[in-house]
Amino acid sequence: MAEFTQRVFSGVQPSGNLHLGNYLGAVRRWVELQDRYPCIFCVVDLHAITVYQEPKALEHATREVAAAYIAAGIDAQKHIVFNQSRVPEHAELAWLFNCVVRLGWLNRMTQFKDKAGKDREAASAGLYVYPSLMAADILAYRATHVPVGEDQKQHLELTRDIAAKFNHDYAERIAERGVGVPTTIGDETVNAWFPLTEPLIDGPATRVMSLRDGTKKMSKSDPSDLSRINLTDDAEQISRKIRKAKTDPDGLPSEVAGLAGRPEADNLVGIYAALTGKTRQDVLAEFGGRQFSEFKPVLADLAVEVLSPISGRMRELLSDPAGIDATLRDGAGRAREIATATIAETKAIMGLIDN
Ligand code: TYM
């Protein structure tokens with residue numbers, strides 16, 4: 001039985017500083033996946049502009065995210081690294097998906113509610129249809145696996161819903177054109193044009209929390225810089241932020257169950273685990289019973305050891321913007337070859353004449 005070609009797609013918005021959450025929840029895991037799958041890693045600038053971005057800052061952030069991918073260990077020659085706006089097929093497929101997605105589905109998206117805040121009337125229309133563009137990013141390459149942090153789970157479920165509705169609405173045409181891939185869903189086998197993409201959300205750091213408040217996600221948009229470790233922070237800044245990180249007065253427990261109801265403790269243990277490739281239980285086996293005053297300096301040294309080479313390499317790469325642009329241009333060319341073929345067939349399936 002034919003199968004979808006396995007392929008990984010993921011992206012980061014160039015909308016501010018890349019932080020430890022983006023690194024541990026996403027980019028670091030991509031590095032591990034590139035030995036197993038062909039991968040496409042995108043700097044999603046069209047998503048960033050759903051909220052106003054100062055143009056010069058956007059250019060800088062786009063290069064900075066690309067530099068972070070490469071500095072973290074992504075092989076941009078073997079795989080594909082590019083910025084989204086250079087491949088117009090993303091926007092084109094997003095339109096086709098706007099006609100598949102239902103308003104009711106979009107209305108359930110918690111990220112829209114969070115980002116739009118109380119004044120929804122003032123949010124851009126782009127922010128509302130953001131998930132259609134995200135589905136287009138993934139399905140333009142008919143990607144089968146998408147490694148992300150926990151906060152993207154709902155968007156990936158919507159991507160599957162869009163793919164399933166498309167496969168269902170156009171089932172006859174897909175069969176007629178002989179392009180369907182038999183795909184088993186539950187006990188039914190359907191003829192799918194788009195795969196039902198699998199989210200890859202795993203490891204100890206799928207949701208890294210703010211260093212100032214363990215109940216809030218570490219985020220690019222938090223007004224307090226002390227809440228996050230940026231990939232561009234130097235050793236002194238990293239150590240200071242970890243020293244100042246909020247904790248409770250108790251020491252570290254010896255079992256994972258002892259982290260329940262202690263979000264700040266849980267977060268620091270999770271960060272340590274992710275930085276060393278261990279589990280929370282491994283970390284507690286080593287540090288259980290110790291005070292945070294002992295644990296924090298060890299964690300700070302570890303974070304500096306892991307992040308300094310990355311920020312150093314990022315600085316080197318960013319000193320040659322033309323070099324980064326050349327990498328993005330080359331990646332976009334290769335991405336476009338795949339995306340144009342998918343979009344041409346998608347349009348033909350839908351009855352949009354293009355010959
Ligand atoms: P973005 O730019 O907000 O975040 C990029 C990646 O970092 C993860 N992440 C986190 N992981 C753990 N802890 C945190 N505190 C944390 N904050 C962010 C995110 O889950 C994400 O994996 N909509 C996406 C970008 C996107 C995309 C795509 C992703 C656009 N198209 C297609 C995958 C596939 C976003 O805003 O990510």
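As a fraction of the 1.4 Å probe accessible area of the chain, surface on carbon and sulfur atoms comes out at 50 percent.
Post the alpha-carbon centroid distance, segment 168-230 to segment 278-297, in whole angstrom. Measuring centre to centre over Cα atoms gives 32 Å. A Gaussian network model of the chain, with springs between Cα atoms under 10 Å, assigns the largest mean-square fluctuation among Asn267, Asn83, Asn107 to Asn107. Taking the Cα centre of segment 202-244 as origin and assigning +1 to Lys and Arg Cβ atoms and -1 to Asp and Glu Cβ atoms, the resulting dipole is close to 200 debye.
Anisotropy class assigned to segment 1-111 is oblate, per the alpha carbon gyration tensor with a/c at or over the 1.5 cut-off and a/b no larger than b/c. An ellipsoid equivalent to the chain, defined through the eigenvalues of its Cα gyration tensor, has semi-axes of 37, 23, 20 Å when rounded to whole angstrom and sorted largest first. Between Asp234 and Glu32, residue separation times 0.36 nm minus the direct Cα-Cα distance comes to 70.2 nm. From helices alone, the chain scores -15500 deg cm²/dmol at 222 nm; the rule is -39500 (n - 2.57) for each run of n ≥ 4 DSSP H residues, then divide by the residue total.
Extension gain, Asp213-Gln291: 0.36 nm per intervening residue step, less the Cα-Cα distance, totals 26.2 nm.
When you filter the GluC sites (Glu not before Pro) in segment 220-325 for DSSP loop state and at most 14 other Cβ atoms inside 10 Å of their Cβ, you are left with Glu255. Fully extending the segment from Glu54 to Ala344, taken as 0.36 nm per residue of separation minus the present Cα-Cα distance, adds 101.0 nm. For segment 1-62, GluC sites (Glu not before Pro) are listed when DSSP marks them as loop and at most 14 other Cβ atoms sit within 10 Å of their Cβ; the list is Glu3.
In a reduced charge model with +1 at each Lys and Arg Cβ and -1 at each Asp and Glu Cβ, the chain shows a dipole moment near 500 debye about its Cα centre. Accessible surface calculations at 1.4 Å, restricted to protein heavy atoms, place the chain at 46 Å² per residue. Taking the average, over residues, of other Cβ atoms within 10 Å as the packing measure, peptides 84-97, 14-27 rank 14-27, 84-97 from highest down.
In the chain, the DSSP beta bridges split such that about 35 percent are antiparallel, to the nearest 5. Taking a ≥ b ≥ c as the square roots of the eigenvalues of the Cα gyration tensor, an a/c ratio of 1.5 or more together with a/b no larger than b/c marks segment 241-285 as oblate. Membrane-span-like helices in the chain, defined here as complete DSSP H runs extending at least 27 Å along the helix axis by their C-alpha atoms with mean Kyte-Doolittle hydropathy no lower than 1.6, are absent; this is a sequence and geometry rule, not a statement about a membrane. Of the residues Leu284, Leu156, Leu268, the one that moves most in a GNM of the chain with alpha-carbon contacts below 10 Å is Leu284.
Scaled against the 2.2 N^0.38 Å expected of a compact globular protein of N residues, the Cα radius of gyration of segment 314-355 reads 1.82. Within straight cross-link reach of Lys165, meaning Cα distance under 22 Å, which lysines are found once same-chain residues fewer than 8 apart are removed? Answer for Lys165, where 22 Å is the Cα cut-off: Lys153, Lys347, listed by chain and number.
The values are calculated or read from the model by the stated rules, or taken from the named source; none is laboratory data. Everything numeric in this text was worked out from a predicted model, so none of it was measured. Note that we place each Cβ from the backbone using ideal geometry, even for glycine, and neighbour counts take in every protein chain shown. Side chains are part of the model used for accessible areas, which takes the heavy atoms of the whole protein and leaves out ligands, DNA and RNA. Shrake-Rupley method; radii C 1.70, N 1.55, O 1.52, S 1.80 Å.
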